[in-house]
Amino acid sequence: GENVEQHPSTLSVQEGDSAVIKCTYSDSASNYFPWYKQELGKRPQLIIDIRSNVGEKKDQRIAVTLNKTAKHFSLHITETQPEDSAVYFCAASMEFSGGYNKLIFGAGTRLAVHP
Amino acid sequence: DAGITQSPRHKVTETGTPVTLRCHQTENHRYMYWYRQDPGHGLRLIHYSYGVKDTDKGEVSDGYSVSRSKTEDFLLTLESATSSQTSVYFCAISESRGVTDTQYFGPGTRLTVL
C-alpha cells in the first residue's frame, strides 16, 4: 500500500556537524513533500517543503532534495545547534478518494545535537 | 499557530465511555483533519472534512466518527473508547486540496483510556 519510509529512526550528532534524514515513498504520483519538526510535547511545525517540479530547496541551514526517479527525498541540516534537537517527520502527498490529497507521514527521526 | 485550538488538552477516561474532542479554528479554512500520533507510526489520518457537513474517512477511521456543523469546528467522537485509542490526537487545517496542500497542526490532545 501507500507508505513513506524514513531513516534513520534516531540520529546523534555533535554541534556544528551536518545531519541528513532520508525518506522514500511508494506512490509515483506524489507531488508535494513537507518536513515537520516536533519538539517534545509540542505540535508538529512545518519547516520546509518541496514540490515535484523542483529538485532542491534551501532555507538558511536547512535544505531538502528530491529525486523523483528514485522516489526519495532528504532533509539536510548544516551547522547543527542544540535547538535543532527534536523529532523530524517527512511526508508525501498522495491522491485520496474524491480527488483530495492526503499526507502520508514517515515514522519520524529523533535528532539529538550534543554541545 | 494558524488560529487552531483543541479541547480538552488532556483527558483520562475509562474503557467503554464516549469521548468527544473538539478542534476550533478562527481563520475560515475549508479543510480540516484529525490525526492520531503513536510511537513508531508518525501521524495517521483518522477523518477529514472538506466543508460543512462534508467529511470522509482516513486510513484509521474504525471506532471514530466526526461531525462538522460549522466551518470553525470539527469534532472527533469515540463512541466507546478502547485502550487502543490511547494516543495523542492532532487536528490540522489546510487552505486547499491541491498541490499546495500545506497542513498546519493544532496543539494536540493527549487521551488516555484506562
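Just so you know, all these numbers are worked out from the coordinates, no wet-lab data involved. Quantities reported herein were computed from a predicted structural model and do not represent experimental measurements. Positions of Cβ are backbone-derived with ideal geometry, glycine not excepted, and every protein chain shown enters the neighbour counts.
Observations on the model:
- Measuring how big chain B is from its alpha-carbon positions, Rg and Dmax come out at 13.2, 41 Å.
- Listed residues A:84, A:27, A:59, most fluctuating in chain A (Gaussian network, C-alpha, under 10 Å): A:59
- Whole-number Å³ per residue for the convex hull built on Cα positions in region B:55-113: 102 Å³
- Note on chain A: GNM, Cα springs under 10 Å; of A:93, A:28, A:85, the largest mean-square fluctuation is that of A:28.
- Only Lys, Arg (+1) and Asp, Glu (-1) charged, at Cβ; chain B dipole about Cα centre in debye: 140 debye
- Within-9-Å neighbourhood charge of residue B:102 [Cβ basis; K, R +1; D, E -1]: -3
- Each 10 Å bin from zero up to the one holding the largest Cα-Cα distance in the protein assembly as shown carries the following percent of pairs: 8, 33, 35, 20, 5, 0.
- Set of lysines with alpha-carbon distance to residue A:42 below 26 Å, sequence-local pairs under 8 removed: A:22, A:57, A:58, A:102, B:11, B:57
- Distance from region A:50-73 to region A:1-45 (C-alpha centre basis), Å: 12 Å
- Cα convex hull of chain A, projected area averaged across orientations, nm²: 7.2 nm²
- Counting, for every residue in A:33-43, the Cβ atoms of other protein chains within 10 Å of its Cβ and taking the mean gives 3.
- Contact order normalised by residue count of region A:1-48, Cα under 8 Å, 6+ apart, percent: 31 percent
- Amide N proximity, region A:19-45 versus residue A:110 label position 7 Å along Cα-to-Cβ, cut-off under 14 Å: A:38-41
- Placing R0 at 35 angstrom, the Cβ-Cβ distance between residue A:58 and residue A:9 gives a FRET efficiency of 0.85 after rounding to 0.05.
- Formal net charge of residues neighbouring residue A:74 (Cβ-Cβ distance under 11 Å; K, R +1; D, E -1): 0
- Footprinting exposure proxy for B:9, B:22 (fewest neighbouring C-beta atoms within 10 Å first): B:9, B:22
- Exposure proxy order (Cβ contacts within 10 Å, fewest to most) of B:47, A:7: A:7, B:47
- Karplus-derived 3J(HN,Hα) values for region A:59-76, using 6.51 cos²θ - 1.76 cosθ + 1.60 with θ = phi - 60°, are 8, 6, 8, 10, 9, 10, 10, 10, 10, 5, 5, 8, 6, 9, 9, 9, 10, 10 Hz; glycine and proline are entered as x.
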